[in-house]
Amino acid sequence: MRPVSLAIAATAALIAAVGGGFIAGRSQHQPAEGADRAVLAPAAAQMNSATIYYKDPDGRPFYSLTPKKAPNGGDYTVVPASADVSFDETPVTESASATTTERKIRYYRNPMGLPDTSPTPKKDSMGMDYIPVYEGEDSDDGSVKLSPGKIQRTGVSSEPATSRVIRTLIRAPGTIQLDERRISVISMRAESWVQKVANVTTGSKVSKGQPLMEIYSPSVASAAAEYIATITSKGTSGVAVYGRGSRQRLMNLDVPDAAIAAMEKSGTVPITIDWSAPRDGIVLERNAIEGMRAQPGDVLFRVADTSVVWAMIDVAERSLGTISVGQPVTVRARSFPGREFAGKISVIYPQVNRETRTARVRIELSNPDGALLPDMYVDANIDIGSSQPVLTVPESAVLDTGNRQAVFVEKGQGRFEPREVKLGHRGDGYVEIRQGLTEGDPVVVSANFLIDAESNLKAALKGFSDAGGQQ
C-alpha cells in the first residue's frame, strides 16, 4: 500500500506544478496582449469607417479599390472619406447641424434639379429625399449663390468694367474698277478709212494729243475744203463770222482741234487727218487696222485714265447704318502686302443684293503710279469707332438671348446678380455698355454659363414656390 500512496502523491504534485506555471505564464503575457489590442483598435476603427480607396504605403502614386500588398510586402494604407481631398464645403458638424436646424425651412426642392418643390419633406420617384431650402439661401433680388468649391472647379472669374477706346472696324472685300468718267471712246462720225495706225497697242500708255491713227474721210475733206476757202477768200477772209459755220461743221465731225489749227496755219486741205488721244491713260481696246473701212459709231480705240480708280466693296446689310458718304477708308491690295491706299466713301448704292445680303459701296482711290489695276482684289477697313473712351466689358461677359443682353455682377461671398445691359459698338474683344453698369462693377467673364444655368433653375424653383404658396 505504501508504494501506491507514494505514486498518487507524486502525480498530484506534478499536476499542481503544471497548473501554477500555466497561471504564472498567463499573468506574464497579459500586458503584451493589452498592448496588441491597443495597437489594433485604431486600425479596426479606421476599417469600420467609410473607406473609399487604398494608397501605396511608401507614398508613391499607386492606388487600389481593394486591399492590396506593395512589392516590399507592406499593406496598402486605408484612405477614409474624411481624409480625401475635396473642394466641396466642409461637412456639417454636429454643432453646425444644430445651428442649421434653428433656421426656418422655406420649402424642399427636387434633388435632381427638376423644377419641382414641396412645402413638406418628400421623396422623388427614385426614393431620394428632397433638399431643404432655408431662409437666406433664396434671395429676392434675382441673384444666385455658388459654393466656393463649385466656383473653383468651374473656373469662374470676374473683371471690372472699365473705360477704354474701342476701335471698331468693318472689313469688306471688293475689287478695283475704272472710273466711268475717265474713259474715252474714239470713233468716227462719218464714213472713213484708216490710212495708218501708230505704234500703239492694247495696254500702251498714251498722252493727251498723241497721234493714234491717220483717217481719210470724204465728209471731213469736204468740210475742210469749204472752211479753207472761206478763210482764204479775199472777200471773206477779214470777216470772222463767215468762217464760223464751216469751222463748226468740222467740229461736229469730231475733227481734233490740233488738226483744225494746222489747217488754219497752212491754208491747205490735208488728204488725211491725224486723230489723237483725247486724254492721258491706257489703251484698253484697239480695233483700228490699216486700210479698214470705219462706219459711223465704230469703236476704233478706247482709252482710260487710271490716275483715279474705284474700289467697289460689299458691306453687310447690318453695317449699313454705321457708314456714311465721306467716311475715310483704308484699302489694302492683296498684291501689295503692307501697303495701304487711303480713300473716302463716295457712293452707297441704294440696293441690297438679294442672295448675299450686302450693299455695294464705292470708294475713290488715288492711283498715281498705276499700281491698282482693274479687277484686282482688295480688302477695305472702315473705322466706325469713337475716339472717346466708353464703358466696356469683355465680349465673353455678355449673355445674349436675342431679345435681351445681360451680365452677371459679382456681389461677394459667392453671390452673383444678373444685370440687363444695353450694348453699343464692339471691337478688339470688348463691347460698349451704354446702360446697366457703372465703372468698376466686377462682371463675370468666364464660366458664366454655369451661373446662368443656376440662375434659370433658381428662377424656375422660385416660380413654383410662389405658385405653391398662393394655393
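The values are calculated or read from the model by the stated rules, or taken from the named source; none is laboratory data. All of these numbers come straight from a predicted model, not from anything done at the bench. Cβ coordinates were reconstructed from backbone atoms using ideal geometry, including for glycine residues, and neighbour counts include every protein chain displayed. Surface accessibility is based on the protein's heavy atoms, side chains included, excluding ligands, DNA and RNA. Shrake-Rupley method; radii C 1.70, N 1.55, O 1.52, S 1.80 Å.
Among residues of region 410-446 being polar (S, T, N, Q) and closer than 29 Å to Arg153 by Cβ, the one that is surrounded by the most Cβ atoms within 10 Å (Cβ to Cβ) is Ser446. Here Glu264 meets the list (1) in contact with a strand residue (DSSP E or B) (Cβ under 9 Å, 6 or more places away or on another chain); (2) more than 26 Å from Gly174 (Cα to Cα); (3) acidic (Asp, Glu) almost entirely, failing just condition (1).
Within region 320-341, being part of a strand (DSSP E or B), open to solvent by 80 Å² or more (accessible area, probe 1.4 Å) and in contact (Cβ under 8 Å) with a residue 24 or more places away in the chain holds for Pro328, Arg332. Of the residues in region 391-401, at least one is touching a Ser or Thr at 6+ places or on another chain (Cβ under 7 Å), modelled with pLDDT of 90 or more, among the β-branched types (Val, Ile, Thr) and open to solvent by less than 70 Å² (accessible area, probe 1.4 Å).
With respect to Tyr134, determine if the residue is modelled with pLDDT of 80 or more and surrounded by 14 or more Cβ atoms within 10 Å (Cβ to Cβ). No. The residue that is surrounded by the most Cβ atoms within 10 Å (Cβ to Cβ), among those in region 156-175 that are in contact with a helix residue (DSSP H, G or I) (Cβ under 9 Å, 6 or more places away or on another chain) and closer than 11 Å to Val431 by Cα, is Ala161. When every residue of region 379-386 is checked against the conditions, at least one turns out to be open to solvent by less than 90 Å² (accessible area, probe 1.4 Å), closer than 30 Å to Lys205 by Cα and not basic (Lys, Arg). Looking only at residues in region 407-417 that are of a type outside the set (Asp, Glu) and touching a residue at least 24 places away in the same chain (Cβ under 8 Å), the one that is nearest to Tyr430 (Cα to Cα) is Val407. Quick check on region 399-449: of everything there that is touching a Lys or Arg at 6+ places or on another chain (Cβ under 8 Å) and small (Gly, Ala, Ser), which residue is nearest to Ile384 (Cα to Cα)? Step by step, filter region 399-449, then rank; the result is Gly427. All told, Thr100 meets the bar of being within 30 Å of Val409 (Cβ to Cβ), more than 44 Å from the chain's Cα centre (by Cα) and modelled with pLDDT under 65. Restricting attention to region 371-395, the residues that are in a strand (DSSP E or B) and within 15 Å of Tyr430 (Cα to Cα) add up to 5.
Of the residues in region 55-70, at least one is in a loop (DSSP other than H, G, I, E, B), among the basic types (Lys, Arg) and either at pLDDT below 75 or under 48 Å from the mean Cα position of the chain (by Cα) (or both).
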